[in-house]
Structure formats: structure tokens, C-alpha cells
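The values are calculated or read from the model by the stated rules, or taken from the named source; none is laboratory data. Since we're looking at a predicted model, the values are computed, not measured. Note that each Cβ is placed from the backbone with ideal geometry, even for glycine, and that neighbours are counted across all protein chains shown.
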Protein chains: 2
Amino acid sequence: MHLPPDASANRVPLLAMFPKLVLSARNRKSPFFDGAVEAGMTHATVYNHMYMPVSYGDPEAEYKRLIEGVAMWDVGVERQVELAGPDAMALAAYLTPRDLSKCKAGQGKYAPLCGFEGQILNDPVLLKLSEELVWLSIADSDMLYWAQAIANMKGFDCRVSEPDVSPLAVQGPLAVEVIARLFGDWVRDLKYFWFQETELDGIPLVLARSGWSKQGGYELYLRDGSRGLELWRLIAEAGRDYGIGPGAPNAVERIESGLLSIGADTDRDSDPFECNLGHLIALDREQDFVGKQALLAKREAGLRRRLVGLTFGGAPVGGNEHPWPLLRDGESIGTARAAAYSPRLATNIALALVDCPHDAPGTHIAVDCLGNRRTATATVLPFIL
Amino acid sequence: MHLPPDASANRVPLLAMFPKLVLSARNRKSPFFDGAVEAGMTHATVYNHMYMPVSYGDPEAEYKRLIEGVAMWDVGVERQVELAGPDAMALAAYLTPRDLSKCKAGQGKYAPLCGFEGQILNDPVLLKLSEELVWLSIADSDMLYWAQAIANMKGFDCRVSEPDVSPLAVQGPLAVEVIARLFGDWVRDLKYFWFQETELDGIPLVLARSGWSKQGGYELYLRDGSRGLELWRLIAEAGRDYGIGPGAPNAVERIESGLLSIGADTDRDSDPFECNLGHLIALDREQDFVGKQALLAKREAGLRRRLVGLTFGGAPVGGNEHPWPLLRDGESIGTARAAAYSPRLATNIALALVDCPHDAPGTHIAVDCLGNRRTATATVLPFIL
């Protein structure tokens, strides 16, 4: 591994120069791992103590499939924190600032979790299977232990555990055709973020209309880890006529769409307001929840910084290994958290945490891309609606 | 990436076939990352949401340096959970089943953390800097959030945070010479697991006699992340006469020495008794602590399974990508969690979670190494004292 001065400016060398990821028992394989290997996985990362495929060696084709066709993703790393018992919904409501009072069985809700200082810890999708059974489909941090600590110390009548549940995502404009072929036409009427318990060749599943892209699609929550490869192959087979191929949560598309990645776009101090999630924070409800006092104080104090978009020219960037410094008049004003070249916008874009008042749309900001300084313009999110 | 049927049997192809690890802002670089790249890092993993170098491309040389000479490791991933305030020690004592009542300022203690069901969550080294300042130098799980939840819900007067502290380990029989050259002869008298606050060229440090090997050595807890590369180079320079070179927590040596790796050797249900840590679990003290009731019940119920050693012949194994099934008379009796070829013992060895009573030394057990079945013999730990 050897980094040239401006590795970021050139996608292919960057992909080639990464170190090898050593596999051992410390991080787990997803039930779809063998399917991903079979499909030619070349790049991976670790997420929730599991391997997540990131690329199959052809980033352009993977992006195109997602935008114009259909892709299948091993997202088994989206672990579930299961809340089971009479107090399942009460515990969920205590864990998230979002108002869940209108959430129905069969419905999913994006439900950020905050700490006692109002900082954002994770941003799961909550799936309400019943009044007494809730899953939090989490991003990359150990919310199992967090929820166990809070459930126990507060005496909620609710068991918190990690069930044998692993999502596989089918994403892209043709996803609906693949899923309808497998499950029937009822899936066309499934509303966004709603789900249904079902099965496929006897494989127990929860089928949700969801996924970490804005291209439409479904997530199949596999409920029997021993049948992952079988499910993977069934999807690949059903999708063949639609040109399905392997992919992964797409760094380019998710930046274009302004989808949040906890830990990448946020740091230990980030709060929901600066991440543009203020509309989800129900501070005026009577119920207490973790972080309420701190979030009230933050709302009162106003924004310190904000997650905004940046666009900038120059050679297409192939991603960023670490947050890039942002400068104005030589002064540090934040960091670009995630950068990419957008084929649809034909420019470089980034999600950036920018100190106020430099977050105003139109502000010119210097981005230090590994020593190569470029002038960016702040813009509202998302880049592409 | 393409796995032959018995990839495990051959070290070099296994190292070569791993996927590339994509770097992004979601996982952080350690302050020593650029030093590790400069030293030729080829293989890495992710640990506590950071990159940890695993190899520099020559596993035999890295092992030899650790056993016979001196190696320097970027272990910045060993994050600290800082407990600061009047209740720091009271919170620490509530978090671990270990008796801390005799722990003095300047002393470290291996202090496993358990959940409410008595399961092991992490096994940090606790550093007592003062009565009001404690670090938990953690293994790979988000104990920051766990400790924050418990501190807050129980009302401990103690702030829990992640400080800017990153360890660099110097390990091997010649480590003492390198550290003495840099800091003076007083380091020769530092007792095992004790530490001292000090500095090197103005770089603020805590110097501890510790490290995740049984070859002796020190850990330098860097207290200013901006000076990582400087510290890395100072160590490399001071160690030149002793043949220092880069390395990493060594999969072979740690198995030989029976050092526990949480998440690799344990699963979600593992408890301290089955991990041979029963002698550290102070159940008879009056104080309450997390998991006490569950651990009392477990002690009463007796062992279900135990972490033991296995030795087995055949071609040298180059590690295991996932736990290998263990069988006796065709019946599943556990898993081999971490396997390696031991150059010093000239045989294959593994740490294995084995159901009782099959854990008795001398028991013959079949290990399924990716379809290649070998006969192993159970043995007590460690393999090498």
C-alpha cells in the first residue's frame, strides 16, 4: 500500500491500493457471504462486526445498475436489535426522539437514537412487527448493548436481543419487477417503509419496501441464517431477465441523494439538528426519552454547524479515505465527510459538516483533498431529489 | 476473491485472496496510520470503528521479531473509555465483576465487563490514573455507550467520554532495551501492568508495562493524536540497533499464549467462567455490579462449555476465516474459534469453545477445516507458558 500525494483524484489506483482485509472469527460473515464471493466480491468493509461487500470490481456498472436497472446487495450487516415483550413499544419510544404514537404494526419508521447529551448514536429503521415485537435495523454501532443497558436500568418489561435476521436489499427502478415475479403483484402496492411477514420456498422472511438508496426497492429480512445462499440464488435467478447484478450500498448514489451515514457524516458530537433531522425530533411531546433535556437545550441554542452539500470541479474524485479539511480565508470551518464524483451531475460532490454561518448556500469554501486544494460551493441537500 | 476448497490449509494463498478493505470516513485512521503505511502495511482489519494493521506482508518475520527481538504495533484501535469525576472508581467497580478495591493509582488491572445476563461484553485493561480518573482500554465493542448508559441511569457523578488517547505497543524480549534508551533505566523496574505519566520530546504519554502478547513489552498511550507519526518515527529510530520492525497483535503468538480475543473466541452468550476467567469474578463481595445475579446463577449451574486448546496435524493452517465446526461421533460439540500453525510447537493449534464434558484434556475431537476433517486433541491452556 503506497499513497501518492493526490490519490483521491483518481478512482482506479485508489481502489487498487487499499490494504487486504483479513478475515477471522472476530468479525462474522453474513448469511449471504458465500453468495457475494460467488458473485465476485473484490472490496469489503466491516460494519457491525461483520463483513460488508462494497464492490465487485466495476464501480461504474454497479452504479448504473442501481440507477437504471436492478441490483442485489448483501446488507446482512444491518443487524436487528429486537425488543420483545409488553413494553417493547414503550422502550422504543424511550430510545428515540421520534414520535412513534401513530406507528402501526406492519410499518417502518426512520428513528434516530440519541445519547444523553443529545448526540446521535445511530439511525435505525424501526419495524413494528406487533405491539410486543419491534426491530431496530441499525447502522454501525453496538446499540444492542445500549438498549440492553437502558431496558434493564429503567425496568422495562422487554427482552432485548439480536435475532437471526439478515437483510438482503434489491434496489433500483426494476426491483419491483423482480420482487413481483417472486412474491406476486401485491408487492407493487406495498407502501414505502411498510412491510409484510412472508416466505419464499419456505424461507421465512419479512419483505419491506425500503433500502438505503433513493432508487426504490425492497429489503428481504431473512429469518433463517442457514438459508442465505439459497435466497441469494433465488433472487439472482428471478432477476436475470431484468439484468440484475451484485452491488452494495452505493457511496455515489447515497451522497447524491443525501442519505445519512452515521460515523461517516457524523462524529461523536453530531446532533440530529445539524444532520437536518430536526423535523423528526418530537421535543414537545410529554413523554420523556433519552437526550430530551439536551436536545431542548440544543434547539434553544441554535445550530453550531450543519451538514450541507458541496460541489467542486477538477479531476473526478474516487472517494475520500478520511474527512477532508474545509477552509475559508485560511481558517478551518469544518470537514468534507464523504466525497464522490457524480456521473449524473457531472461534477464532484460531498457531504460536509460546515460551521455556521459558512453553511449558507452559495458560500465558496476551499476543500483540501490530500494537499490538492479546490474551491467548492455550498448547496442545499439532497443533490438529486 | 476466490476460495479453493481448503484455503485454510495454505497460508500464502489465504493472505493473497482476501478482499480489499475500502477506506472511508466511517472508520477512522489511528494517529499512527501514516507510519504504518510508510512501514509497508499490506493487511488490515477494522476494530472499534478504526483501521488496525494486521500484517506488513511477511508473517514469518513478524512472528520472529516478536518472539526473539522487538516489534512496534499500531494499536490505536484500543480506544479508551474515560471515567472522570468523584464516582469514577465506583462506576468502574459497578461495571466489572473484578474486585478493584486494592487497585492503586498507577496500576492497571485486566477487568472483564459483563452484561446483565452475565455474558462477557469486553475485556479491557483498566488504568487507574487517580481516584477520579480511570481509563478502560477496550477490546472491540462500543463500551463508551454502554458505560454512558449505566453511569447516567444509575446517577454516578462521573463523565464518560472517549479521550484523545491512542496506544502504540512495543513488544518482544528486546522491547525493554528500546524503551530504556528512550525513557531511561527506570522503565526496567516498572512492574507488569503498572504505568507512569511521562513524555517524550514533549509528546504527552502514559507509559505502561503491558501489551497483548506474552513476550514482554510496553504500551505508549499517546495523549495528543496530532503527534502520532512523530512518536512512531522516534520508536523506529530508537529501535534500529535492536532490529525493531513493524508488526501487529499476532494471531499465532496470542493463540500459543492463550490470550483472549473478545468476539473471536467468544460469542454473544459467552461468560467469564467458560473463558477461564472465573478467578477474576469476585461474586462474594458485598457490592452490587452489572451481571452479579446472573453470574451467581451461572456459577451455581456449572459449566456448559469451556475454552480449551486443540492440537492437530496435517498441513499448516494459515488461520480460519470463521469458526470451524467441532464434531464427536458425528455430533456437533462446539467450534474452533481461532486456529494457527505454531512454529514453536511445530503443530497446528486452536482455541476452541467445547461443550462439556468433551473439554477434558486428551479428548479426541474432529475439526472440520472447510470440509477437510482432521483429528484434534483437547489440551489445557496456554499452549506455551
Practice problem: Could you check, for the range B:151-164, whether at least one of its residues is among the aliphatic types (A, V, I, L, M), closer than 21 Å to A:TRP146 by Cβ, within 11 Å of another protein chain (Cβ to nearest Cβ) and assigned to a loop (DSSP other than H, G, I, E, B)? | Solution: no
Quiz item: Got a number for residues in the range B:28-48 being under 18 Å from the mean Cα position of the chain (by Cα) and without any contact (Cβ under 8 Å) to a residue 24 or more places away in the chain?
Solution: 1
Exercise. Name the residue, out of A:ASP271, A:ASP224, A:ASP265, that is in contact (Cβ under 8 Å) with a residue 24 or more places away in the chain, closer than 20 Å to A:GLU78 by Cβ and touching a Cys at 6+ places or on another chain (Cβ under 8 Å).
Key: A:ASP265
Self-check item: Pairs where the first residue, in the range A:93-118, is aliphatic (A, V, I, L, M) and the second is part of a strand (DSSP E or B), C-beta under 6 Å, 6+ apart
Solution: A:LEU95/A:LEU113; A:ALA105/A:LYS128; A:ALA105/A:SER130; A:ALA111/A:LEU126; A:LEU113/A:LEU121; A:LEU113/A:ASN122
Self-check item: Selected residue (criterion: surrounded by the fewest Cβ atoms within 10 Å (Cβ to Cβ)) from residues of the range A:320-341 that are more than 14 Å from chain B (Cβ to nearest Cβ) and assigned to a strand (DSSP E or B)
Solution: A:GLU331
Quiz item: Based on what the data block shows, is A:VAL22 free of Cβ contacts under 8 Å to residues at least 12 places away in the same chain and at negative phi?
Solution: yes
Quiz item: How do the strands (runs of 3 or more DSSP E) wholly within the range A:203-318 filter down when requiring 1 or more residues that are at pLDDT 95 or above and surrounded by fewer than 17 Cβ atoms within 10 Å (Cβ to Cβ): which remain?
Solution: A:203-208, A:305-312
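Hey, among A:SER137, A:SER210, which residue is within 26 Å of B:VAL46 (Cβ to Cβ), in contact with a Ser or Thr (Cβ under 9 Å, 6 or more places away or on another chain) and not assigned by TED's automatic domain parsing to the domain that holds A:GLN107? Steps first, please.
Values: A:SER137 fails: not assigned by TED's automatic domain parsing to the domain that holds A:GLN107.
Selected residue: A:SER210, the only one of A:SER137, A:SER210 that is within 26 Å of B:VAL46 (Cβ to Cβ), in contact with a Ser or Thr (Cβ under 9 Å, 6 or more places away or on another chain) and not assigned by TED's automatic domain parsing to the domain that holds A:GLN107.
Which one of these is over 20 Å from the mean Cα position of the chain (by Cα) and either polar (S, T, N, Q) or crowded, with 24+ Cβ neighbours inside 10 Å (or both): A:ALA25, A:ALA71? Don't jump to the end; show me each part of the working.
Details: A:ALA71 fails: over 20 Å from the mean Cα position of the chain (by Cα).
From the options A:ALA25, A:ALA71, the qualifying one is A:ALA25.
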Quiz item: For the range A:102-124, how many residues meet the condition of being over 19 Å from A:ASP265 (Cβ atoms) and in a strand (DSSP E or B)?
Solution: 3
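Given B:LEU168, B:LEU144, which one is within 21 Å of the chain's Cα centre (by Cα), crowded, with 24+ Cβ neighbours inside 10 Å, in contact (Cβ under 8 Å) with a residue 24 or more places away in the chain and part of a strand (DSSP E or B)? It would help to see each step written out before you state the result.
Details: B:LEU144 fails: part of a strand (DSSP E or B).
Matching residue, one of B:LEU168, B:LEU144: B:LEU168.
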Quiz prompt | Every residue from the range B:125-141 that is free of Cβ contacts under 8 Å to residues at least 60 places away in the same chain and either part of a loop (DSSP other than H, G, I, E, B) or at the interface with chain A (Cβ under 7 Å from one of its Cβ atoms) (or both) | solution = B:GLU131, B:GLU132
Practice problem: Determine whether B:ASN122 is surrounded by 21 or more Cβ atoms within 10 Å (Cβ to Cβ), within 14 Å of chain A (Cβ to nearest Cβ), in contact with a strand residue (DSSP E or B) (Cβ under 9 Å, 6 or more places away or on another chain) and within 21 Å of B:ALA90 (Cβ to Cβ). | Solution: yes
Quiz item: Of all the residues that make up the range A:342-369, how many are crowded, with 17+ Cβ neighbours inside 10 Å, in contact with a helix residue (DSSP H, G or I) (Cβ under 7 Å, 6 or more places away or on another chain) and more than 17 Å from A:ARG305 (Cβ to Cβ)?
Solution: 3
